[in-house]
Each structure stands twice: as structure tokens, then as C-alpha cells.
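Shown next, in C-alpha cells, is the structure this report addresses.
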Amino acid sequence: MLEKRSNGQCELCQSSVEVSSYRIPPSLTESVDTCLMLCSTCRDQIEEKQEMDVNHWRCLNDAMWSEHSAVQVMSWRMLQRIKSLGWPQDLLDMMYLEPEIEKFAAATGEADDPSEKIIHKDSNGVLLANGDNVVLIKDLNVKGGGFTAKRGTAVRRISLVHDNQDQIEGKVDGQHIVILTKFVKKL
């Protein structure tokens, strides 16, 4: 479905090199409303694996007008990241998103003031992100769980608590628990 919609091209920059499906965080399900086709250049810059090439994102001048909500969401998020350059702010001023789409677009905090952003860090000060793997650095009594999570236990694919920088969520021994970031180390 996505390949047909995108004609085998990146839905942001129209490149046809190394194009694959990308699920927009923080969605847990894959659907045409939460996924889009991206080239490796766009994907690497979105995931911050590659330094931001702001001229690459001039493609958003066209992509932002897409009829597909997934493309609108990623266009809005990337414009928010670089809005201090001036021209992206002009595009944002022209862009309209339906309220539910704008709420989804803002879910990762791209539009938040950097001084107000909640940043999760492990016990060593390393930044944590949704989907990271961590290890416990201390035995923790799990309240209501009736067990102790042992030091050295790996917690895979954590979720960040969006309103508290000192907490993450993850599964330990099959139970979903909240863990304080000061008791974990990123793997």
C-alpha cells in the first residue's frame, strides 16, 4: 500500500535511492496513517544518525502539502527542528493540520522550547530515547510486583515517561514497570 502510494520514492524528498517504510514514533501500530516511505538520507537525519543538512529539507516546501497525514506529520516535525533558520518558520506559518494530526505531530515535543524539553538521561548522563535498551545498575524492589529486579537485568525497548525526566517504563520478568533513570545504564 505504501509503495503504491509513494511510487517507490521517498515521500519527503522524492529520492528513489534506498527507500523503505518508516513508522512514525510514538505510534505502536503500522498503518498508512502512521507510516511513510523514506530514503536513507531522510531517515538518518530524522533519527539524528547523520548531521542535519538543512538544504536537503527544502523539499518540505512540496511535501508539506501532501494529502497523506503521515507525510504532513513528518514535514511539520522537521520544519519545527529547523525553524530558527527563518524559511522553515514561513512554511510552518502557511501549514494547516487538522487538530488530531497536529496533536500526533507534536507528540514527540519537536515544537517545545528547548529549555522546557524533558530530557531523559541514564545514570552516566547518556541520553535515552524510546526503544533503547538499558541495564539495571542496582537491585530494585518492584512495588506491587512481589519480586526484586536484579542488578544486571536488561530492559529492552524502553518507553520514556513523557512528563517526568526521571522515569522510564519497561518490562522486567514479564511485568510492565516504571524505573527511575538514575538506576539504569544504556546498553
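5 Å is the cut-off here: which amide hydrogens, built 1.01 Å from N in the peptide plane, fall below it relative to His68, excluding neighbours closer than 5 in sequence?
Result for His68 returns nothing.
So which of Lys49/Lys143; Lys121/Lys171; Lys83/Lys103; Lys83/Lys182 end up more than 28 Å apart, counting from Cα to Cα?
Lys49/Lys143; Lys83/Lys182
Rank these for me by crowding, Asp93, Asp62, going from fewest to most other beta carbons within 10 Å.
Asp93, Asp62
Quick one: the Cα spread of segment 80-187 along its three principal axes, in angstroms, biggest first?
Rounded to whole Å, the extents work out to 54, 29, 19 Å.
What ranking do Val155, Val17 get, fewest neighbouring Cβ atoms within 10 angstrom at the top?
Val17, Val155
Using only the Cα atoms of the chain, what are the Rg and Dmax in Å?
Rg then Dmax for the chain, in Å: 18.8, 55.
May I ask for the angle, rounded to the nearest 10°, between helix 69-81 and the longest principal axis of the chain, with both axes built from Cα atoms and the value confined to 0 to 90°?
80 degrees
More than 19 angstrom separation, counting every C-alpha pair in segment 134-186; what % is that?
15 percent
Please identify the cysteines of the chain that lack any partner cysteine with a Cβ under 4.7 Å from their own Cβ.
Unpaired cysteines in the chain: Cys35, Cys42.
Could you compute Rg(Cα) / (2.2 N^0.38 Å) for segment 2-108, with N its residue count?
Compared with the compact-globule rule of thumb, segment 2-108 sits at 0.98.
Short version: ³J(HN,Hα) in whole Hz for each residue of segment 95-101, in order, from phi by Karplus 6.51 cos²θ - 1.76 cosθ + 1.60 (θ = phi - 60°), x for Gly and Pro, what are they?
Rounded to whole hertz, the list is 7, 10, 10, 4, x, 5, 6.
If amide H atoms are built 1.01 Å from N in the plane of the peptide, which residues on other chains or at least 5 residues away come under 5 Å of the amide H of Val172?
Result for Val172 returns Ile177.
Throughout, read-outs are computed from the coordinates displayed, never taken from laboratory work. For clarity, every value in this text was computed on a predicted model and none was experimentally measured. Neighbour counts run over all protein chains shown; Cβ positions are idealised from the backbone, glycine included.
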